[in-house]
Amino acid sequence: MIKELLEKQQPIVYRALDNACKTNRISSAYLFTGPYGTPKYEAAVLLAQSILCEKKNGLACEECNTCRRVREGTYADLMILDGKDESISKEMIDGIQEKFSKTALEENGQRIYIIKNAENATISAQNSMLKFLEEPGSGVTAILTTDNVNRMLPTIISRCTVLPFMPRSAKDYFDDLIHEGVNQEDAYFMSHIVKDMADLKNMYDIEGQKNTVLFEHVCGMLKQFLNCEGMKRKELSVDWEVNWSSKAKDTNISKKENLLMLSSFYDLLMLYAHDVITENLDGPLWYQNVVKNSFEKKKMCCDILRIALEEKDACNRYNDLNLVLYQSLYQLGGINDTNK
Ligand SMILES: [Zn+2]
């Protein structure tokens, strides 16, 4: 149920929407903003359901036939665009406007459009959107969601009721993972790697196959970097080629796995550096001991933090991931020698 999820994760948004529904003061346009991984789209679906629900009483029941059709995307007077798949064009916005200028298809008469990742709209599409927001026609509600509000036209923002979604903490993800049955140690590291439950599941499930190997490799690389369990940091680049990197035969899959592994490795380096700098003792005991023993190396950890951040960015931009890893190990090796 989206209602429970929203109430738990985003209580302020939940109260605002619940209140608007109960008092029948639903705006004609909403903009849900907040970082990647927050349930903005889920909230948009819930709002659409709440407007159309057959058992109208505050927020949607989520169970009636209409609520179900909205959830499944088969409600005729609901249109959904997603800027993630392809950039939203002027023609797409004009298409909604044209469809909504005709008589409503459903008995209810209310028409709703949801634009997910609305920041990925061309300037001319944003201008069309603006015109549509200014003269929506009766019974039309717009719900826009964005991870990056800075890329939206200020004139669009000012036309909408803006509801900001709060970023979720690593602790929230940790609790979710424990709930999913992940063990404490894995959950600690995983909760610091990705910021979306769907991505977290990808760590364990790639291309439809259970793949715990990938996550184990990432943790293995961290242990090796930290010189744990007899593994040597200086052998990391060789071991990456031999042991850690993807063994998938399909080059697309191996590329995807290597990218996920390497960028997750940098996430864990950042976590380690952060835990040392802030003297935060958390996670499994072996890891806490390593962190504790590094308290006098805070300057080195500032450098690790900077390098990991740069290299994480680099692995998304460069094709040759081996080169990115060698480059970062070279840099990390340098700081290790120069300051203790
Ligand atoms: Zn309902």
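Bear in mind these aren't lab numbers, they're just calculated from the coordinates by the rules spelled out. The structure presented is a predicted model; accordingly, all values stated were derived computationally and were not measured. Positions of Cβ are generated from backbone atoms using ideal geometry, with glycine treated the same way; all protein chains shown enter the neighbour counts.
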What are the residues in the range 160-184 that are assigned to a helix (DSSP H, G or I) and under 19 Å from A43 (Cβ atoms), if any? D172, Y173, D176
For the range 56-77, name all the residues that are of a type in the set (A, V, I, L, M), out of contact with any helix residue (DSSP H, G or I) (no Cβ under 8 Å at 6 or more places or on another chain) and within 10 Å of the ligand (Cβ to nearest atom). none
Any residue that is surrounded by fewer than 17 Cβ atoms within 10 Å (Cβ to Cβ) and within 11 Å of L321 (Cβ to Cβ) - is there at least one of those in the range 260-280? no
Is it fair to say I80 is more than 16 Å from the ligand (Cβ to nearest atom), within 22 Å of I156 (Cα to Cα), outside any loop (DSSP other than H, G, I, E, B) and among the β-branched types (V, I, T)? yes
So K116, is it surrounded by fewer than 21 Cβ atoms within 10 Å (Cβ to Cβ) and of a type in the set (K, R): no
Only one of (1) in contact (Cβ under 8 Å) with a residue 12 or more places away in the chain; (2) closer than 16 Å to I193 by Cα is not met by D313, so which one is it? (1)
Of the numbered conditions (1) surrounded by fewer than 17 Cβ atoms within 10 Å (Cβ to Cβ); (2) within 16 Å of the ligand (Cβ to nearest atom), D85 fails exactly one; give the number of that condition. (2)
